[in-house]
Amino acid sequence: MYHCVLSKSYPLSGFQNETAQEYKIDRKVFKSHLNFLIRKKVSINFTFDDGGSSFYFVIADLLEEFGFRGIFFISTAYIGTPGFLSINQLVELHRRGHLIGSHSHSHYTDLTVLDREVIYNDWKVSVDLLERWLGDRVTIASIPNGHSSRKVLKAARDSGILKLYDSKPTTTIRKFEGMEVHGRFALRKGDEIEVLELIYKSRLYRTKKLIRYILLDLSRKILGKYYFLMNKSVKVICKKW
């Protein structure tokens, strides 16, 4: 799981808040990731969240240079705003063979705390807009910020999603009412090839990532709205663990 990939020519892409900055990767680093995966002949899905303009100006060209195509998840409320894709750029990526999916409409911080109807409408608006723009069916999505629950899954499935990606670091494919739920391994700013190699080679590393995710998710459920006020402290504790 990636977000924005930045270069000197395109230094601004996607959301600009502090949390988003953690996930913005330099173009040279991303290219080194692609080189590594080509050498290892790894079969992998590259997913990109939010809908930042670097999808078009940086990422797509690099993927195509190495013979890959991306899965681009779009928060439709931001299309056409500064730092995000335009409709024409989105359509062009689709035409070039990249897969376009929903990242919800509004990119709420935590879908799990919202009413079921609000969640469903946010998925449905996003799917409907993407299908109108692309002239094609959209049945794939990813959860903004990765926060999931049965309510979120149910709303996604009811909006027509057949394959949903969350942020759980696992290769196990789960099922929910006929919908596939896939986990992902997030790459962050500063993650060099060594991190990618650990994900690829080390079951122990993947297990530790999964346990850390479970602990953070449990903390969120226990603390509720207070979790986001204590988010940094909780992450520091889990990181030290």
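Determine whether segment 101-122 contains at least one residue that is under 15 Å from residue 71 (Cα atoms) and of a type in the set (A, V, I, L, M, F, W, C). For segment 101-122, residues under 15 Å from residue 71 (Cα atoms) and of a type in the set (A, V, I, L, M, F, W, C): absent. For segment 185-216, taking the residues that are under 20 Å from residue 35 (Cα atoms) and basic (Lys, Arg), the one that is surrounded by the fewest Cβ atoms within 10 Å (Cβ to Cβ) is identified as 201. Within segment 162-180, the presence of a residue that is buried (at least 19 other Cβ atoms within 10 Å of the Cβ), among the β-branched types (Val, Ile, Thr) and touching a strand residue (DSSP E or B) at 6+ places or on another chain (Cβ under 6 Å) is excluded.
Report yes if some residue within segment 71-81 is closer than 14 Å to residue 145 by Cα, outside any loop (DSSP other than H, G, I, E, B) and out of contact with any Cys (no Cβ under 9 Å at 6 or more places or on another chain); otherwise report no. Within segment 71-81, one or more residues are closer than 14 Å to residue 145 by Cα, outside any loop (DSSP other than H, G, I, E, B) and out of contact with any Cys (no Cβ under 9 Å at 6 or more places or on another chain).
Look at (1) more than 19 Å from the chain's Cα centre (by Cα); (2) touching a residue at least 24 places away in the same chain (Cβ under 8 Å); (3) closer than 18 Å to residue 4 by Cβ and you find that residue 80 fails only one, number (2). Of the strands (runs of 3 or more DSSP E) lying entirely inside segment 123-218, those containing at least 2 residues that are under 17 Å from residue 105 (Cα atoms) span 140-142, 163-165. Only a single item in (1) crowded, with 16+ Cβ neighbours inside 10 Å; (2) farther than 19 Å from residue 200 by Cα is not met by residue 30, and it is number (2).
Selection over segment 86-105 of residues that are under 22 Å from residue 121 (Cα atoms) and not in a helix (DSSP H, G or I) gives a count of 6.
Being surrounded by 14 or more Cβ atoms within 10 Å (Cβ to Cβ) and touching a strand residue (DSSP E or B) at 6+ places or on another chain (Cβ under 7 Å) is a property that residue 98 has. If I filter segment 1-36 down to residues being in contact with a Leu (Cβ under 7 Å, 6 or more places away or on another chain) and assigned to a helix (DSSP H, G or I), which single residue comes out as nearest to residue 57 (Cα to Cα)? Among residues in segment 1-36 that are in contact with a Leu (Cβ under 7 Å, 6 or more places away or on another chain) and assigned to a helix (DSSP H, G or I), the one nearest to residue 57 (Cα to Cα) is 27.
We did not get these values from a lab; they are worked out from the coordinates using the rules stated. Quick caveat: nothing in here was measured; it's all calculated off a predicted structure. Using ideal geometry, Cβ is built from the backbone for each residue, glycine included, and neighbour counts are taken over all protein chains shown.
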